[in-house]
Amino acid sequence: MLVQREEQVTRLRTAFRSCEEQRRGQVALVTGAVGSGKTSLLESFGEWADTAGGRVLAAAGSRAERGLPFGVLGQLLHSARLDDEAAARLESLMRDVAAVPLPEPGGDAGDGSAADDRVWARLLHGLFTTLLDLADPGPLVLTIDDVHHADPTSLHCLLYVARRLRHAPIMVLLAEASALRPPHPLFRAELLSQPHFCRITLPPLTVEAIARLVDDDSGAARETAERCLDMTGGNPLLTRALIDERTPGDSDDEPTVDLAFGDTFDQAVLGCLYRHEPGVRRVARALAVLDRPAQTDLLGQLLDMVPEAAVPAVRILRTSGLVKNDRLRHPRILRSILADMCPEERRRMHRRAAEALHDHGAEPGVVAGHLVAAAWSDAAWTVPVLQDAAAHALASGRPDVAAACLRLVTDADADDARRGATTAMLVSARWQVSPLTVNGQLGQLLATTGPDGRPTAAALATVPYLLWQGRTEEAAELIDGCADDEDLPGAPGRLPVMRLLLALAHPDRLAAVRESSAAWGRTATAPTTGGLQLQALTVLGTALTPTGEHDAVTAAEQLLHRHHTDDGALPLLTAPLLALLWSGRADRVAVWSDLLLDRPAARYAPVWRAVLRALRAEAALRLGDLPGAEEHARAALEDLPAQAWGVAVAGPLATLITCATEAGRFAEADRWLAHPVPPGTFRTLLGLHYLTARARHHLALGRAHAATTDLRRCGELTRAWGVDVAGVVPWRLELARVQLGVGNKPHATQLLQEQLRVPHGVDDRTRGRTLRLLAGTAAPEHRRKLLSEAVHLLQASGDRLELVRALGDTGQTLQRAGDSARARLLVRRAYQLAQDCGASVLAQRLVRRDPGGDGPAYPAAVETPGMEDGLSEAERRVAALAAQGHTNRQISSKLFITVSTVEQHLTRVYRKLDVKRRTDLPARLVTHAEPLAEELQDAS
């Protein structure tokens, strides 16, 4: 199907009718870029002319047959199916001419020899006479595709025919593509001067034309066409290939909007490229290697040609749709061209590109990219360029790029100090990608010392990696071996950072580092290069040893607000995230973690992406989202295998153990517990998380003694380290659960009361959990008050799982007090909330203990049409959406009801729930454990 070629077809048909009616010959030249549809136009017109009473002779030029005399003419005569006598006569004449020299078509006769002229005259006259005979019944159409590849002898004959068409019903239709330099310029000059000549140009396809090709009735055709035009420039060959790459399984009822790429498109790109001249292909490959807008002087230096010589090649590539704004139009086109180049050619061109870009003053990162692709660093100027590019890449959150640059530098000649600094950068970069790959370089850095025999700044840089592997003694020895002053050569302010990092990683040293809160505040604002790192670590230290003087939550939020958009700040921001988590703000950790995981830097640094996901998993666990916690923890271990985590593996493992235990999948929890952890794990704060998770699993299986052992060890460590903070490990609360399980209420009460008295160390979530357990040991007259406060605190903290337990306990208390209706309501809602949290075991336990009746009051698959708070099903749905902040119009759209109906429902909801305004709805609904998540899901 010809699309957007109606005007061109009309002009050709008009020329044919003129030839037929006026017995006057016509010459038409169809021009256009490679792939613009010239061949399709000629074939379509030829079929029409044949049915309209004409006779069509077709031929096509070929680059391989340019030297074959009468190659195109022979095709025309063959398609004419002449009688044997006429064919033999023309063949004899062509053989006679074969030995006669021929100038450029359109030029003068060979050497002026009269004999030669007579030989040519007999052939030309015989050919024209034969064509006139063929045109006698009706117009004769001669179509020659790719005439720019035609042999000179055939062109000489065609030009003779064209000069004599004034009174001959013969139409000559030629097609040619753009070229660097038109071949046979004399032929073209004389052809274009003929009075019966017309030129027809094929423009690129428009959006409307592409939309017709998409043939999409879904209303998305224009959007697809716009994207297609942006990728192909309207080149019909590329456009059709792109549209043909439909997703398998597409049907007419559900046409795809997305444009896929595959072999068909790749082949179309290369087909388009190889139909151009070699010079055009060279420029296209140079643009693919550069992958940036290239000026002609840069292309000229890269290709070792006169800069002006690249201009026509770029113009041709632009008209063919491959180039836009002096660079390849789309990354997919670029990859197709690069894939067609052999590795040796790519490396050679990358090397030349690096040299050319360096000479033109390009950024080090751009030049270094080509040096890495060429695997070349022999020139003297390459090492500084690679080092500058690596430093910038590290600061921009691209450790993969930095590592690639530094691998080329490490073998270069340099002094010990420069070599050590380079190796330290390489370790930093490679560690962020895979910690298992740096052991060799760590050994080299540890062995570097200064003239005074003390460790160098490069050696000190290994401390974080040693701590990650649990090699605490080596890290401590390295720090202790440094000079007492804080300004190491080349790394001012680095020593205090490493001391604090050591103390936070292994808190048995924390007391010695933090002599007073004022000292920490001063070091955090020190004007050194390590000041920002020191601030982040100080915020974490403040969260571990909270006082009334410093607000760790505010300081952490400020750091995150200030630096979350800095691509290179990802390692820095894990400290304030941990500070928020250990300060009881899991909700803020969830928000910030999701935001940071969407940053580009997280895609290129698997270590920090895994750490963020582990933090996100623990935050989800503390918010009662078991499926989310498990998903993020598993993803963390997929980003970074367990053996690469070092002592930090305790974090995601503890989360997965707890998730499996809460869900009743005890065998799975055992499998997570079977994963080995490094010996130094239990000297870290993450080791406390692991011990607590293991203790909860022991308790769930009835192993109270084992649980008690783990929790008492937690208590001993936290008190010895001076980090008795509930946000880290509320060990008293967990131990109280064990004591309640064995019936030792007095000891449990003592532990819970101690938990409430911990100074500056109890957040809302821990206080709510503690009050819930304390209510179980209190007298009936105090129990409801304690549970009410626990529900309020747990609701505020966002821990839905603990809220389920508090609501269930409240329901039991109400039942014992004779209030069966409210008791059944609370337990029913607690059941649904437990299901939403993924805690099916807890949900079934609530059903089994549901007060009143012989069977469960709230079967899992049944919903009651009316609720005891008076809200109907429709009112509950409207209230749930309103509580989430939806406007009345949005609610009406989601529930397919009128705005007036929404207003009427909300009026009744306000009256029944005794609220005055929309902003009061969330607290009221959550207090009654309204299953908002389910309501929203059903509504949508």
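The values are calculated or read from the model by the stated rules, or taken from the named source; none is laboratory data. Keep in mind that what you see is a predicted model, and the values were worked out from it rather than measured. Ideal geometry is used to build each Cβ from the backbone, glycine not excepted, and the neighbour counts take in all protein chains shown.
P69 - would you say it is over 25 Å from P195 (Cα atoms) and in contact (Cβ under 8 Å) with a residue 60 or more places away in the chain?
Working: over 25 Å from P195 (Cα atoms): yes; in contact (Cβ under 8 Å) with a residue 60 or more places away in the chain: yes.
So P69 fits the description; yes.
May I ask you to list the residues in region 274-296 that are more than 20 Å from V372 (Cα to Cα), touching a residue at least 40 places away in the same chain (Cβ under 8 Å) and in contact with a helix residue (DSSP H, G or I) (Cβ under 7 Å, 6 or more places away or on another chain)?
Within region 274-296, H276, G279, V280, A284 qualify.
Run down G568, G628 and say which single residue is over 23 Å from L394 (Cα atoms) and modelled with pLDDT under 95.
Working: G568 fails: over 23 Å from L394 (Cα atoms).
Only one candidate passes the filter, namely G628.
Among (1) more than 23 Å from W468 (Cα to Cα); (2) modelled with pLDDT under 95, which single condition is Q643 missing?
Exception for Q643: condition (1).
Which is farther than 25 Å from L426 by Cα, at pLDDT 95 or above and crowded, with 20+ Cβ neighbours inside 10 Å, of L544, L623, L578?
L578
Residues to consider are R13, R23, R17, R55; find the one that is loosely packed, with under 15 Cβ neighbours inside 10 Å, under 23 Å from L134 (Cβ atoms) and in contact (Cβ under 8 Å) with a residue 40 or more places away in the chain.
Unique residue meeting the criteria: R23.
Considering only residues of region 302-323 that are out of contact with any helix residue (DSSP H, G or I) (no Cβ under 7 Å at 6 or more places or on another chain) and not in a helix (DSSP H, G or I), which is farthest from P203 (Cα to Cα)?
Ranking the qualifying residues of region 302-323, first place goes to D304.
Quick one: in region 175-185, which of the residues that are touching a helix residue (DSSP H, G or I) at 6+ places or on another chain (Cβ under 9 Å) and not in a strand (DSSP E or B) is farthest from L159 (Cα to Cα)?
Within region 175-185, the match that is farthest from L159 (Cα to Cα) is L180.
Filter region 666-680 down to residues that are closer than 25 Å to E802 by Cβ and among the charged types (D, E, K, R) and give me whichever is surrounded by the fewest Cβ atoms within 10 Å (Cβ to Cβ).
Of everything passing the filter in region 666-680, D670 is surrounded by the fewest Cβ atoms within 10 Å (Cβ to Cβ).
Please enumerate the residues belonging to region 885-926 that are modelled with pLDDT under 75, assigned to a loop (DSSP other than H, G, I, E, B) and under 38 Å from the mean Cα position of the chain (by Cα).
Across region 885-926, the qualifying residue is only F896.
Checking the condition surrounded by 22 or more Cβ atoms within 10 Å (Cβ to Cβ) and either in contact with a Ser or Thr (Cβ under 9 Å, 6 or more places away or on another chain) or farther than 24 Å from D710 by Cα (or both), which residue from A644, A633, A663 passes?
Being surrounded by 22 or more Cβ atoms within 10 Å (Cβ to Cβ) and either in contact with a Ser or Thr (Cβ under 9 Å, 6 or more places away or on another chain) or farther than 24 Å from D710 by Cα (or both) holds for just one of A644, A633, A663, which is A633.
Of the residues in region 494-515, how many are surrounded by 20 or more Cβ atoms within 10 Å (Cβ to Cβ) and outside any helix (DSSP H, G or I)?
2
Here's the yes/no breakdown for (1) at pLDDT below 95; (2) among the hydrophobic types (A, V, I, L, M, F, W, C); (3) in a helix (DSSP H, G or I):
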| position | (1), (2), (3) |
| --- | --- |
| D230 | yes, no, yes |
| R246 | yes, no, no |
| D253 | yes, no, no |
| A286 | no, yes, yes |
| V289 | no, yes, yes |
| G300 | yes, no, yes |
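What's the total number of residues in region 810-831 that are at negative phi and surrounded by fewer than 22 Cβ atoms within 10 Å (Cβ to Cβ)? Outline the logic, then answer.
Initially, region 810-831 is screened for residues at negative phi, giving 810-817, 819-831.
The next check asks that each one be surrounded by fewer than 22 Cβ atoms within 10 Å (Cβ to Cβ); those that pass are 812-817, 819-822, 824.
Counting residues in region 810-831 that are at negative phi and surrounded by fewer than 22 Cβ atoms within 10 Å (Cβ to Cβ) gives 11.
Any residue in region 774-802 that's under 23 Å from L921 (Cα atoms): show its pairings with residues that are among the small types (G, A, S) and not in a helix (DSSP H, G or I) at Cβ separation under 8 Å, as long as the two are six or more apart or on different chains.
Every condition considered, the pairs that remain are S797/G584; G798/G624; D799/G624; R800/G624; L801/G624; L801/A839; E802/G624.
Look at region 453-477 and say how many of its residues are more than 21 Å from A648 (Cα to Cα), touching a residue at least 24 places away in the same chain (Cβ under 8 Å) and part of a helix (DSSP H, G or I).
Final tally of qualifying residues: 3.
Matching residues to (1) surrounded by 18 or more Cβ atoms within 10 Å (Cβ to Cβ); (2) touching a residue at least 40 places away in the same chain (Cβ under 8 Å):
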{"residue": "T319", "(1), (2)": "yes, yes"}
{"residue": "A339", "(1), (2)": "no, yes"}
{"residue": "R347", "(1), (2)": "no, no"}
{"residue": "A356", "(1), (2)": "yes, yes"}
{"residue": "P364", "(1), (2)": "yes, no"}
{"residue": "A368", "(1), (2)": "yes, no"}
{"residue": "L371", "(1), (2)": "yes, no"}
{"residue": "D388", "(1), (2)": "no, no"}
